[in-house]
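Inspection log for the structure reproduced underneath, given as structure tokens.
The numbers here are math on the coordinates, done by the rules we state, and not lab data. Computed from a predicted structure; not experimentally measured. Cβ placement follows ideal geometry from the backbone for every residue including glycine, while neighbour counts extend to all protein chains displayed.
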There are 2 protein chains.
Amino acid sequence: MTTTSPALDTALAYHRAWTGADFEKAMTYIAPDIVCDAPAGRIEGAAAFRSFMGPFSQIVRSATMLAAFGDEQTALVMYDTATVPVASAPGCEHVTVVDGTITHMRIVFDRAPFDAARAARESG
Amino acid sequence: MTTTSPALDTALAYHRAWTGADFEKAMTYIAPDIVCDAPAGRIEGAAAFRSFMGPFSQIVRSATMLAAFGDEQTALVMYDTATVPVASAPGCEHVTVVDGTITHMRIVFDRAPFDAARAARESG
């Protein structure tokens with residue numbers, strides 16, 4: 001399913017780290033000046049990215065890569081995650097990689113089940 | 001960004017049709033027994049798929065392909081859409097193609113802004 005792609009290698013290494021309970025290692029694949037377009041809006045810089053993905057990585061129970069492609073500078077992956085509040089939360093990431101770190105990421109996932117789980121907790 | 005991929009050719013033809021106001025042509029790329037895993041759950045069969053994607057195709061104002069990869073049997077695409085209720089609604093599709101039609105699709109997008117737009121309409 002893949003060809004030789006330096007960008008995909010980086011995307012997969014990042015994925016293995018953040019889904020494998022080694023978030024500090026995951027951050028080594030993130031450029032200091034990363035721009036991340038997420039469902040809630042644009043996130044700029046590694047510190048802000050850490051605040052976004054760090055908490056999510058802590059509620060992930062398991063992850064399965066569904067599809068992964070890449071070329072010299074970009075990669076596109078889709079995965080499913082099982083999380084504490086949501087049983088199946090698939091996500092998709094399109095990344096640009098420069099010198100082994102991710103400089104841009106667009107991440108697509110459905111916030112609705114997370115919003116519903118939060119509302120259920122708050123009302124319960 | 002792409003290599004020769006029959007599956008990607010089909011995924012792109014489907015995409016061009018449904019985002020180009022030719023939903024009937026788009027349906028010609030959908031297998032009668034398609035299984036589609038969407039944010040709200042599994043959709044089975046072309047009739048149910050039509051009920052899911054048809055209304056969405058009608059509220060799309062424009063679409064931009066952000067990334068597209070494929071191999072012999074599968075393709076993975078990410079695109080952005082501008083829709084009537086939501087200005088930017090990116091989506092990602094992983095498709096399996098058999099004999100020129102899509103037999104399986106996993107589609108990931110964020111339902112939250114659509115839910116919010118609906119709530120705003122209903123309360124307004």
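Quick notes on this structure:
- Among the residues of the stretch A:93-124, those that are assigned to a loop (DSSP other than H, G, I, E, B) and within 9 Å of chain B (Cβ to nearest Cβ) comprise A:ASP110, A:ARG111.
- Among the residues of the stretch B:21-31, those that are surrounded by 14 or more Cβ atoms within 10 Å (Cβ to Cβ) and either more than 13 Å from the chain's Cα centre (by Cα) or among the small types (Gly, Ala, Ser) (or both) comprise B:LYS25, B:ALA26, B:ALA31.
- Filtered residue count, the stretch A:73-90, keeping only those that are more than 18 Å from B:CYS92 (Cβ to Cβ) and either hydrophobic (A, V, I, L, M, F, W, C) or touching a Ser or Thr at 6+ places or on another chain (Cβ under 7 Å) (or both): 4
- The stretch B:32-57 residues that are among the small types (Gly, Ala, Ser), paired with ones that are surrounded by 17 or more Cβ atoms within 10 Å (Cβ to Cβ) and in a helix (DSSP H, G or I) (beta carbon under 7 Å, 6 or more apart): B:ALA46/B:MET27; B:GLY54/B:PHE23; B:SER57/B:TRP18; B:SER57/B:PHE23
- Filter result (facing chain B (nearest Cβ under 9 Å), part of a strand (DSSP E or B) and not aromatic (Phe, Trp, Tyr)) within the stretch A:61-92: A:LEU66, A:ALA67, A:ALA68, A:GLY70, A:THR74, A:ALA75, A:LEU76, A:VAL77, A:MET78, A:ASP80, A:GLY91, A:CYS92
Each row is one residue, and each column tells you yes or no for (1) under 14 Å from the mean Cα position of the chain (by Cα); (2) within 28 Å of A:ALA75 (Cα to Cα).
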position	(1), (2)
B:ALA11	yes, yes
B:ALA46	yes, no
B:LEU66	yes, yes
B:PHE69	no, yes
B:ALA82	yes, yes
B:ASP99	no, yes
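- Residues in the stretch B:69-107 that are closer than 21 Å to B:PHE52 by Cα and charged (D, E, K, R) were compared, and the one that is surrounded by the fewest Cβ atoms within 10 Å (Cβ to Cβ) is B:ASP80.
- Verdict on A:MET53 being out of contact with any strand residue (DSSP E or B) (no Cβ under 7 Å at 6 or more places or on another chain), surrounded by 18 or more Cβ atoms within 10 Å (Cβ to Cβ) and not charged (D, E, K, R): yes
- Residue match in the stretch B:32-41 (condition: surrounded by fewer than 20 Cβ atoms within 10 Å (Cβ to Cβ), more than 14 Å from every other protein chain (Cβ to nearest Cβ) and assigned to a loop (DSSP other than H, G, I, E, B)): no
- Any hit, the stretch B:38-61, residues being touching a Lys or Arg at 6+ places or on another chain (Cβ under 6 Å) and under 17 Å from B:THR101 (Cβ atoms): no
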